[in-house]
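The values are calculated or read from the model by the stated rules, or taken from the named source; none is laboratory data. Not measured: the values here are computed from a predicted model. No Cβ is skipped: glycine too gets one built from the backbone with ideal geometry, and neighbour counts run over all protein chains shown.
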Amino acid sequence: MLRPMSAPATSVASTRTRLALSAFVLLFVELALIRWLGANIIYLAYFSNFVLVGSFLGIGLGFLWASRSERSLFPWAAVALAVFVAMVRFFDVNIEVGGSSLIFFADQRPVGPPRWLILPIVFTAVALCVAAIADGLARNFRRLAPLDAYRWDLVGSILGVVGFSALAFLGSPPVVWGVIVGSLLLGLAWNHGVSARRWGAASLLLLLAVLGVESFGGSQAWSPYYALSWDEHEEGGIVMRINDVATWDQHPKHEAAMYDFVYDFRTAEGVGDVLIIGAGSGNDVSVALGHGAERVDAVEIDPVILDVARTHHPKQPYADDRVNVHIDDGRAFLERTDRQWDLILLALPDSLTVILGQGSIRLESYLFTEEAVAAYRDHLAPGGVFGMYNFMREAWLVDRYAATLADAFGAAPCVVDPQANLLTVLAVSENPTALHCDGDDRWVASTDDPVPVSDDRPFPYLRTPHVPRFYLMAIALVLGASVLAVRAAAGPMRGLLRQSDVFFMGLAFLLLETKNVVEFALLFGTTWFVNALVFVSVLVSVLAAVEVSRRVRFRRPEWLYAVLAAALALNWIVPTEWLLTLAPGARLAVAGGVAFLPIFTANLIFADRFRDEDESTVAFGANLLGAVVGGVLEYAALLTGYRGLLFIVAAAYALALLTGHRHLRPA
């Protein structure tokens, strides 16, 4: 391994710069692929965890390949990325999302390839593209002392997350992402020879040509969550397509009947103050105003969707002085206010994506838990009514929501279309005189109703706690492909077996990060800003641990495991429902301290172990392969809930201690 002490200072500075730029590109590409593939492979946004885990595998493969071969893959990174992007655009692929035990909100387009097959294919393609980029990162990584290299890798990664998040906020189209990525890849590979420059330039042109097709035009835009496109009606209004799925319609002829059911159930003559969560299209706001609402608070998570709806709605409801618009997650908005309303509506809140990089929680999942329904009840004025409606697809989902409402309000809700044949409507109130519905319109409980879901297990669309079969089949193929790829990249496995402890550290850390992303989404909202802030905070926490380890040698490094065990126990003991009762400032301070203490401690352990590693690229690759397994194990939360992942985290760190005890040398 090359050590920096034998190289000139300018060479070290240049290596650090190239390493940081390579790390920037790597994180930028990872986030861009999650967004872009979710928009171009129909319904892949429901499974973005496979893209994330594929990225981890690719990084691990790149590091392992660089540790044993002098033939660099990096000059071919732009080629691989351009060809992959072109293939996705050329083949119109969608993922099959049928089934009755796990609900996806889908249109009626022809069924695509089996999801258990297409997901591993996407996973493998992503891994190969990322591996080529990671190879270049690894070759700079090994030229520096391990902690110095890790430090600049983290700096570049933080800048990559911040840069992509800023572009998402600005609504930049994919062609801008392509310019940034392609230019940096071309520049970093410039000294690899004339052939590499020619192929890189050609690939950059192909990449920009493909991405440019979908980046320009008056009736399309990119929000922080989706690719949006729309068609205008002659009579006014638009049909909105989200990730190429027709989602809502502002056609004036469709405006009244489907939104009137909740109002028809109410006995009060006046509407009063109304809260609409999922205001989006503006249809619900327009109907509330038409019924005489005195004030409407319209909550919508996506700012670009709101801007498009505001511009095109034929009745311009958002321009009414009675309407107050809030760009926020609905649950987070409720947690930050003491206001009460006469009517609260969940208006078709069915997102087509999950929280960035997480495999199971959709943007709206926390709107349907027991705790959320209790919050709706507590924010109703005396005699107030709560209503929700959607195309729920399955009768068991109607029964789940109805049972949740009945438990919270102490009364069976009124229901329209309990068999979920078309539009299902539920309405409930603590005041029995606030609603009138005939016997046929009153929900009746049965013994086989699915149980309500909680904030710890926010999976309303999963009928019973289990890992669906297609997930198991896809995971088996993913793990099989990973084993073959690792064997091809790393050669004999003996070297990897010596890195078992850092493998288990990577596994545990990925699950720990996942739990924090999910918990902060609950505490502060599932918005893109909260997600980006958590990812940056995790990376900053890791960087802080590295900086401490560069300056401090622990006399008894095994005691760090004891501190980590205490930190994990604290995470188990402190209940999320208690954190939600705190004021926002106190909630951030307490939740941040509890969540990031184990992350910081775990990375002190890793950095102390990594400091004197002679095979830094092998160790780093093994750590990332552990993250691949951790990403797969995330689906265990479907059975255990997210707090239950702490037991897997604790077990993995225990295995890291057992397999790496020889590295715990006193300072």
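Looking only at the range 471-503, filter to residues that are in contact with a Ser or Thr (Cβ under 7 Å, 6 or more places away or on another chain) and within 19 Å of Tyr653 (Cβ to Cβ); which one of those is surrounded by the most Cβ atoms within 10 Å (Cβ to Cβ)?
Top of the filtered list is Asp501.
Within the range 38-89, track down each residue that is under 20 Å from Ala622 (Cα atoms) and of a type in the set (S, T, N, Q).
Asn49, Ser55, Ser67, Ser69, Ser72
Keeping to the range 319-341, report how many residues are of a type outside the set (Gly, Ala, Ser), under 28 Å from Ala39 (Cα atoms) and either buried (at least 23 other Cβ atoms within 10 Å of the Cβ) or touching a helix residue (DSSP H, G or I) at 6+ places or on another chain (Cβ under 7 Å) (or both).
Adding up the residues that qualify gives 5.
So which pairs qualify, if the first residue must be in the range 652-665 and crowded, with 16+ Cβ neighbours inside 10 Å, the second must be in a loop (DSSP other than H, G, I, E, B) and among the acidic types (Asp, Glu), the Cβ gap must be under 8 Å, and the two must be at least 6 apart or on different chains?
Pairs found: Leu657/Glu558; Leu664/Glu558.
With the requirement that a residue be within 23 Å of the chain's Cα centre (by Cα) and under 21 Å from Leu533 (Cβ atoms), what does the range 551-588 give you?
Correct list: Asn571, Thr576, Leu579, Leu580, Pro584, Arg587, Leu588.
Would you be able to say whether some residue in the range 50-59 is under 30 Å from Tyr401 (Cα atoms), within 25 Å of the chain's Cα centre (by Cα) and touching a residue at least 12 places away in the same chain (Cβ under 8 Å)?
Within the range 50-59 (the criterion being under 30 Å from Tyr401 (Cα atoms), within 25 Å of the chain's Cα centre (by Cα) and touching a residue at least 12 places away in the same chain (Cβ under 8 Å)), the answer is yes, since at least one residue qualifies.
All but one of (1) under 14 Å from the mean Cα position of the chain (by Cα); (2) closer than 21 Å to Phe141 by Cα; (3) of a type in the set (Gly, Ala, Ser) hold for Ala45, so report the exception by its number.
Looking at each condition in turn, Ala45 falls short on (2).
How do the pairs read when you match residues in the range 349-370 that are within 16 Å of Met392 (Cβ to Cβ) and of a type outside the set (S, T, N, Q) with residues anywhere that are modelled with pLDDT under 90 and part of a helix (DSSP H, G or I), using Cβ under 7 Å and keeping only pairs 6 or more apart or on different chains?
These pairs meet every condition: Leu352/Ala45.
Limited to the range 56-109, what total is found for residues that are part of a loop (DSSP other than H, G, I, E, B) and either surrounded by 14 or more Cβ atoms within 10 Å (Cβ to Cβ) or outside the structural domain of Val618 (by TED's automatic domain parsing) (or both)?
Number of matching residues: 11.
Taking the range 316-338, which residues are touching a Leu at 6+ places or on another chain (Cβ under 8 Å) and part of a loop (DSSP other than H, G, I, E, B)?
Passing the criteria: Asp320, Arg322, Asp329.
If you go through the range 529-537 one residue at a time, do you hit one that is more than 15 Å from the chain's Cα centre (by Cα) and assigned to a helix (DSSP H, G or I)?
yes
Conditions tested, residue by residue: (1) part of a loop (DSSP other than H, G, I, E, B); (2) over 26 Å from the mean Cα position of the chain (by Cα).
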position	(1), (2)
Asp449	yes, yes
Pro452	yes, no
Asp456	yes, no
Pro460	yes, no
Pro465	yes, no
Gly480	no, no
Leu484	no, yes
Phe509	no, no
Glu519	no, no
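Quick check, is Leu422 of a type in the set (A, V, I, L, M, F, W, C) and touching a strand residue (DSSP E or B) at 6+ places or on another chain (Cβ under 8 Å)?
It is false that Leu422 is of a type in the set (A, V, I, L, M, F, W, C) and touching a strand residue (DSSP E or B) at 6+ places or on another chain (Cβ under 8 Å).
State whether the residues of the range 271-292 include one that is part of a loop (DSSP other than H, G, I, E, B), within 22 Å of the chain's Cα centre (by Cα), surrounded by 17 or more Cβ atoms within 10 Å (Cβ to Cβ) and of a type in the set (Ser, Thr, Tyr).
no
Pick from Ala565, Ala591, Ala602: which is surrounded by fewer than 21 Cβ atoms within 10 Å (Cβ to Cβ) and assigned to a helix (DSSP H, G or I)?
Of Ala565, Ala591, Ala602, the one residue that is surrounded by fewer than 21 Cβ atoms within 10 Å (Cβ to Cβ) and assigned to a helix (DSSP H, G or I) is Ala565.
Say whether the condition of being farther than 30 Å from Glu70 by Cβ, surrounded by 16 or more Cβ atoms within 10 Å (Cβ to Cβ) and assigned by TED's automatic domain parsing to the domain that holds Ile475 is met by at least one residue in the range 614-627.
no
Specify the residue that is farthest from the chain's Cα centre (by Cα); the eligible residues are those in the range 433-447 that are buried (at least 20 other Cβ atoms within 10 Å of the Cβ) and in a loop (DSSP other than H, G, I, E, B).
For the range 433-447, the residue satisfying everything is Ala434.
Is it true that some residue in the range 220-231 is in contact with a helix residue (DSSP H, G or I) (Cβ under 6 Å, 6 or more places away or on another chain) and in a helix (DSSP H, G or I)?
For the range 220-231, residues in contact with a helix residue (DSSP H, G or I) (Cβ under 6 Å, 6 or more places away or on another chain) and in a helix (DSSP H, G or I): absent.
Within the range 232-248, restricting attention to residues that are among the small types (Gly, Ala, Ser) and not in a strand (DSSP E or B), which residue is surrounded by the most Cβ atoms within 10 Å (Cβ to Cβ)?
Gly237
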